[in-house]
1. Tell me the relative contact order for segment 25-80 as a rounded percent, counting alpha carbon contacts under 8 Å between residues six or more apart.
2. Out of (i) 59, 48, 41; (ii) 73, 56, 37; (iii) 54, 48, 42, which label holds the value of Cα extents along the principal axes in Å that was computed here?
3. With a probe of 1.4 Å, find how much accessible area the chain has per residue, and write the answer as a whole number in Å².
4. So who's got an amide H within less than 5 Å of the one on residue 51, skipping anything under 5 residues away but keeping other chains? H placed 1.01 Å off N, in plane.
5. What pairs from 292/340; 48/292; 36/76; 93/167; 48/331 go past 22 Å between their alpha carbons?
6. Count neighbours as other Cβ atoms within 10 Å of each site's Cβ, and list the GluC sites (Glu not before Pro) in segment 50-114 that are DSSP loop with at most 11 such neighbours.
7. Which whole-number percent is the relative contact order of the chain (Cα, under 8 Å, 6+ apart)?
8. If I compute solvent accessible area with a 1.4 Å probe over the protein chains, what percent of it on segment 289-367 is carbon and sulfur?
Amino acid sequence: MLAFSIAFAHGQAMAVDYSLSGFGTVQYTQGDNERKYLRFIDKEGTLKVNSILGAQLDVQFSEQLSATVQYVVAPKQRRDEGVELDNRWAFLKFKPNDNWHFKLGRQRLNYYLDSENLDVGHTYVPANLSPEVYYNAGVLSVDGFSANYNFEDASGRYWGLQAITGKRDIVQRLAGFNQDFPLNSFDLAGLVLSVQGDRYRIQIAHHGAEVDRVLTQVNGTPLTDGRLDVNARFTNIGAEYRWSLYTLRGEISQTELSVSQSGIITGSGLPRITRSTPKFEEHGANLLLIRKVFEKHAVYASQGRFISEFDDQYSFAIGGKYNLSPSDSIKIELQHVVEKGNREQLSDNRVPNTTFNFLSVSYNWVWQ
């Protein structure tokens, strides 16, 4: 809210234009497994997967200066029970010319092809974004500063470059955890390069982070004032190509994690615990093929793969999107997931090679 407060103070002396918009998704998902997947899906069915209600206020103070605030009502991030009111965006934007703009405050990381609208289900085709790539989409926001440069070259291609730095506390879900999930404190900086032509677009994003988290125990041993320091690097490559009827889209993500030299620090006279475990990597990929139906509707097929030292899974999905109007739609999807290894962020499963099948039906809308 700091960015909005500053912007509001400036607005007292300017001609101010306001714009209020909103979006929402109500999704019911029915699974076939007693163990929960995507935090909520089981045999009992749930309305929590992807269901969200959001409102956004854009305030234009001048041609150069604006502010944006967005709040959503969605399932709690720190617990698997209940809902919360969450501030997703709160930033000032300064645009001195057509090529440059700067943002200060809470904003989304431009990590995926469509990072800014991942909460707005009506703006994309799949009912469920591939968990193999987008499982950490909640990490996308940061409190900080970004500089963005955009231009069109002589061939008509649009180029973009973003540099961003900031901080954010990110929730780490733990299966079977009955308290508030722990927070990872991120100090993050990164670069994003993108290019878009008539039929294609490509984006490469790379971010580095220092992650700090409070620890209460290690391998069952209680710690006093425990802290874990980790270095992380996040890289994502996304590409999309469009024909008259078909769109082929793919994204590949890699996460590199390593315990820093400081390792695990404890207080109250306890010794420092260091880790000799080498760094490890996580890889996720998704391939999505979309076909237009009667110009304004679509059907699709999607395949995902995720693998790391500890987790392993793949999935297939087929579905469709029926646009009721330019501002609302209905989606339906069947998805088949095989967890070959444990994915604690997503499920409560502890049994290798467990299969999850589920059906999702959603109503999505935008308004302004």
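The values are calculated or read from the model by the stated rules, or taken from the named source; none is laboratory data. This structure is a prediction, so every number in the text was calculated from the model and none was measured. Note that we place each Cβ from the backbone using ideal geometry, even for glycine, and neighbour counts take in every protein chain shown. When the accessible area is computed, the model is the full protein with side chains, heavy atoms only, and any ligands, DNA or RNA have been set aside. Shrake-Rupley method; radii C 1.70, N 1.55, O 1.52, S 1.80 Å.
1. Details: 83 pairs, mean separation 16.1, N = 56.
Across segment 25-80, relative contact order equals 29 percent.
2. Answer by label: (i).
3. Values: 18770 Å² over 368 residues.
With all protein chains present, the chain gives 51 Å² per residue.
4. Close amide H contacts, sequence-distant or interchain: 27.
5. Numbers: 292/340 34 Å; 48/292 29 Å; 36/76 16 Å; 93/167 18 Å; 48/331 16 Å.
Result: 292/340; 48/292 exceed 22 Å.
6. Numbers: sites: 63, 81, 84; in loops: 63, 81.
When the GluC sites (Glu not before Pro) of segment 50-114 are filtered for loop state and at most 11 Cβ neighbours within 10 Å, 63, 81 remain.
7. Numbers: 993 pairs, mean separation 57.4, N = 368.
Dividing the mean separation by the residue count of the chain yields 16 percent.
8. Details: 2550 of 3970 Å².
That share works out to 64 percent.
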